[in-house]
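Below is a structure I'd like to ask you about.
The values are calculated or read from the model by the stated rules, or taken from the named source; none is laboratory data. Source: prediction; values computed, not measured. A quick note on method: Cβ atoms are made from the backbone with ideal geometry, for glycine too, and the neighbour counts reach across all protein chains shown. These accessible areas exclude ligands, DNA and RNA; they are computed on the full protein's heavy atoms, side chains included. Shrake-Rupley method; radii C 1.70, N 1.55, O 1.52, S 1.80 Å.
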Number of protein chains: 2
Amino acid sequence: MKFKLEHQDTKSKARAGTVTTDHGDIQTPIFMPVGTAGSVKAVHQRELTYDVKAQIILGNTYHLYLRPGLDVLEKAGGLHKFNGWNKPILTDSGGYQVFSLANNRKLTEEGAVFKSHIDGSKHLFSPERVMDIQRTIGADIIMAFDECPPYPCDYGYARKSMELTHRWLKRCIDRFDSTEGKYGYSQTLFPIVQGSVYPELRKQSAEFIASCEREGNAIGGLSVGEPVEEMYAMTDMVTDILPADKPRYLMGVGTPANILEGIALGVDMFDCVMPTRNARNGMLFTSEGIINIRNEKWKDDFSPIDPHINSYVSSFYSKAYLRHLVIAKEILAAQVASIHNLSFYLWLVGQAREHIIAGDFATWKNQMVEKVSRRL
Amino acid sequence: MKFKLEHQDTKSKARAGTVTTDHGDIQTPIFMPVGTAGSVKAVHQRELTYDVKAQIILGNTYHLYLRPGLDVLEKAGGLHKFNGWNKPILTDSGGYQVFSLANNRKLTEEGAVFKSHIDGSKHLFSPERVMDIQRTIGADIIMAFDECPPYPCDYGYARKSMELTHRWLKRCIDRFDSTEGKYGYSQTLFPIVQGSVYPELRKQSAEFIASCEREGNAIGGLSVGEPVEEMYAMTDMVTDILPADKPRYLMGVGTPANILEGIALGVDMFDCVMPTRNARNGMLFTSEGIINIRNEKWKDDFSPIDPHINSYVSSFYSKAYLRHLVIAKEILAAQVASIHNLSFYLWLVGQAREHIIAGDFATWKNQMVEKVSRRL
């Protein structure tokens, strides 16, 4: 993996660059749609490419490990071959899901023992095991196995958790560097900064992560319930420490406004289930603001969902029709809203990139944060 | 509406023709995907056009009347404008749903009083009201309001029900012929032959329906649980009576084999929820036979779903990936399986048409019935 830093905004820390992987280039800043179990929910791979214009998608190690399982993925020749998505893929480490979904989980120095939420079977995720699993899934970018502490979290726990994450990182790096990809293309490992909302811990963690000199770095443990000011403050501090010549990935973030502020703070990569999950509940993100399409006011509004977004669904389907689909519980509702929301997110980061290159990012960002946050 | 009978098979009653409507031509024999509430479940309108290659879709009067409701449909300028499907649409009369879905239904000479299955509100469907509703929905082909008797059904009930359907038909025709379409294009009314599985009643009904001299005719009350032999016998008898120069529509039929046999008996149009409903349960119809994609045997079968079917999903997605989507309860499973099954149904009737034109339909049909019925 390579990263080329191409533009640096003068009035903020925003940057534009290009990540190069064996599955193609990613122009940053970028948003990565989440494809939990190898499918971005309700969206065809063809739509991801041509409508959403996604450049990289996420897979969840926990889900993929349980279903379809490593035997199937390895026989298929990796996730790209299995699901037909031929552009870059990033997989998380599974740690977050072990703590949010699995049953009877137990954390030790060795790793996390848990029971599958599907069939109750018992499993161990250790740093070594998680590297091996992600080698088999075959993502282009794989994540270190970390503990993501909850919010709020007392200082003592946050410090111990961070130290464990650092020890696990060393084991991840050892395993990763002593193994090879299984399918003939390169994989790269991103370490994760932790430290909850404690500046001193965040600084310590960012310095440790930077010292590992990997090809890209991630910021974890944010957007877990803390006030946005704390999220921005932690991000600001961490991006000052993480090397400028490597991509920075803020995990699990967030709303359109969060993403714009994150870009302004020097983040290059984002992922979040929000555009797809909220779509399934009838919430639309548009270039004019947020729409709850269930509201009566859209009942006979036959205007397109969002004519400014260059995807088939956003201009083809009307608000009134989409509202009808949601109210009538039609599957197509989830399809239309998901494609639209993802197209909007990709449009938004694409616009951010253009404004960074044009040199007017900071002004544009402030106007846009207000616009995309209002409720229509 | 016009119908041009273009080819007549010499070894069966199969025919090929073209139905012309103000929304375009339909080449028969044809299968019509069911779009209950204005959406063919899990399928985008674009996919219906370019992948499935549907030429006409169905809407359900009962569902559309309740949601989004006539006010919205009329403001939109009719269903075509509302859902963006610009090719022909056929609507059923709503009678079938009143008896299968609605609550507290009561049948009188006037019509059917029922309570909505959605909010319990009370409604009356009479022949006149149902004509007005279908005028407002704006389908190209609208269906007479009939009673579809259950199976089994004693002779006395079947006869009375048929007579009521005939009296209602006269009222439908009077209302239809004294009103006009609301959106500037033509609509046509198809009457429906009833008579359960009683040859004498079917003959009587078909003669009455033929005497009404409408532009097309339908055969209802079949595929409701009777043995297929009875369905074929009734269809055979009725198509001998219905005029040859008008399209014949066998309502709610059926499996791929049922459709091939129906074509051989002189039917031109079919509709059924089977390809989409069964798709959502993991049953695939393919050119090689029927697949239950949940079976373990498909777990690591990375071959395409059906390379003989010329739709994106059938060749892009593998059986193993689709199985994974079904097992993991991903929405994409319903999308892929629905598009595939519909594409297969449209491919099948397209093949039938080609073989009718080529003159070898009967031989091909017998081979194909066996092939499409076997379980893989």
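Tell me the angle of helix B:361-373 to the major Cα principal axis of chain B, expressed in degrees between 0 and 90 and rounded to the nearest ten.
70
Report which residues of the stretch B:67-81 become buried by 10 Å² or more of accessible surface when going from the isolated chain to the complete set of protein chains (1.4 Å probe; DNA, RNA and ligands ignored).
B:67, B:68, B:71, B:72, B:75, B:76
Give me D for the stretch A:120-255 in µm² s⁻¹, whole number, from Stokes-Einstein with Rh from the Kirkwood sum over alpha-carbon pairs, 10 °C and 1.306 mPa s.
In µm²/s, the coefficient rounds to 103.
I've got another one for you. Work through the residues other than residue B:175 whose Cβ is under 12 Å from its Cβ and net out their charges, Lys, Arg +1 and Asp, Glu -1.
That works out to -1.
Something else: For the pair residue A:212/residue A:160, report the inter-label distance in nm, with labels modelled 7 Å from Cα in the Cβ direction.
For residue A:212 paired with residue A:160, the spin-label model returns 2.2 nm.
Can you say what percent of the DSSP beta bridges in the protein assembly as shown, counting only those with both residues inside, are antiparallel? Round to 5.
So the antiparallel bridges amount to about 55 percent of the total.
Let me ask another. Report residue B:316's accessible area, 1.4 Å probe, all protein chains in place, as a number in Å² to the nearest 10.
Using a 1.4 Å probe on the heavy atoms, I get roughly 80 Å².
Also, I was wondering about something else. Which longest uninterrupted range of chain A lacks any trypsin sites (Lys or Arg not before Pro) assigned by DSSP to a loop state (not H, G, I, E or B) and surrounded by at most 11 other Cβ atoms within 10 Å?
The longest such stretch corresponds to A:1-328.
Here's another thing I want to ask about it. How large is ³J(HN,Hα), in whole Hz, for each residue of the stretch B:295-307 in order, when computed from phi with the Karplus curve 6.51 cos²θ - 1.76 cosθ + 1.60 and θ = phi - 60°, using x for Gly and Pro?
4, 3, 4, 8, 3, 10, 9, 8, 6, x, 3, 6, x
Now for a separate question. Along Cα→Cβ at 7 Å, what distances in nm separate the residue A:7 label point from those on the other copies, shortest first?
5.9
Further, regarding this structure: Quick check for you: with a 1.4 Å probe and neighbouring chains kept, what is the accessible area per residue of the stretch B:2-272, in Å²?
36
Using Cα pairs under 8 angstrom and six or more residues apart, how large is the relative contact order of chain A, in percent?
18
Per DSSP helix of 4 or more residues, -39500 (n - 2.57); summed, then divided by the residues of chain A. What does that give at 222 nm, rounded to the nearest 500?
Here the helix-only value at 222 nm equals -12500 deg cm²/dmol.
How much accessible surface does residue A:48 have with a 1.4 Å probe, in Å² rounded to 10?
0
Take every Cα-Cα distance within the stretch A:37-161, group them into 5 Å bins from 0 onward, and report for each bin the whole-number percent of pairs it holds.
Over the stretch A:37-161, the share of Cα pairs per 5 Å bin runs 2, 11, 20, 20, 18, 13, 8, 5, 2, 0 percent.
Report, to the nearest 10°, how far helix A:331-358 tilts away from the longest principal axis of the Cα atoms in chain A, using its own Cα long axis and a range of 0 to 90°.
Here the helix axis deviates by roughly 80 degrees.
Label the protein assembly as shown by shape, choosing from rounded, prolate and oblate, from the square roots a ≥ b ≥ c of the eigenvalues of the Cα gyration tensor; if a/c is under 1.5 it is rounded, and otherwise prolate applies when a/b is larger than b/c, oblate when it is not.
It is prolate, given that a/c is not under 1.5 and a/b is the larger ratio.
Next up: I want the local charge near residue A:220. Using Cβ-Cβ distances under 10 Å, sum +1 for each Lys or Arg and -1 for each Asp or Glu among the other residues.
Within the 10 Å Cβ shell, the charges total -3.
I would also like to ask the following. Between exposed GluC sites (Glu not before Pro) in chain B, where DSSP calls loop and at most 13 other Cβ atoms lie within 10 Å, what's the longest gap?
No qualifying site falls inside B:1-108, the longest such stretch.
Residues of the stretch B:284-313 losing 50 Å² or more of accessible surface, assembly versus chain alone, probe 1.4 Å, please list them.
B:299, B:302, B:312
Counting heavy atoms of the protein chains only and a 1.4 Å probe, report the per residue accessible area for the stretch A:326-376 as a whole number of Å².
Per-residue accessible area for the stretch A:326-376 comes out at 39 Å².
Oh, and also: With every protein chain kept in the model, how would you rank B:96, B:50, B:321 by accessible area, 1.4 Å probe, largest at the top?
Highest to lowest solvent-accessible surface, that is B:50, B:96, B:321.
Skipping prolines and chain starts, which residues have an amide H placed within reach, meaning under 5 Å, of the one on residue B:189, given they are 5 or more residues away or on another chain?
The answer is B:142, B:215.
Provide, as a two-decimal number, the C-alpha radius of gyration of chain B over 2.2 N^0.38 Å, N being how many residues it has.
Scaled against compact globular proteins, the figure is 0.96.
So the label point sits 7 Å from Cα along the Cα-to-Cβ vector; using that for residue A:53, what distances do you get to the other copies, in nanometres, sorted shortest first?
Nearest to farthest, the other copies are at 3.2 nm.
Chains B and A: how much accessible area gets covered up at their contact, both sides added, probe 1.4 Å, in Å² to the nearest hundred?
Rounded to the nearest hundred, the buried surface is 3600 Å².
Here is a further query. Specify whether the C-alpha gyration tensor of the stretch A:66-140 places it in the rounded, prolate or oblate class, a ≥ b ≥ c being the square roots of the eigenvalues: rounded for a/c under 1.5, otherwise prolate if a/b is larger than b/c and oblate if not.
Verdict is prolate for the stretch A:66-140.
For label points placed 7 Å from Cα toward Cβ, what is the shortest-first list of nm distances from residue B:106 to its copies?
Output for residue B:106: 6.6 nm, nearest copy listed first.
Still on this structure, I have one more. Taking only Cα atoms, what is the 0 to 90° angle, nearest 10, from helix A:228-241's long axis to the longest principal axis of chain A?
So the inclination is approximately 50 degrees.
Net charge around residue A:320, counting only other residues with Cβ within less than 15 Å of its Cβ (Lys, Arg = +1; Asp, Glu = -1)?
Net local charge, residue A:320 excluded: +1.
Looking at B:263, B:338, B:187, which one has the Cα that reaches farthest to the positive end of the dipole of chain B (charges on Cβ: Lys, Arg +1; Asp, Glu -1)?
Working it through, the farthest residue towards the positive pole turns out to be B:338.
Could you check how much of the accessible area of the protein assembly as shown is carbon and sulfur, as a whole percent, using a 1.4 Å probe?
Roughly 49 percent, rounded to a whole number.
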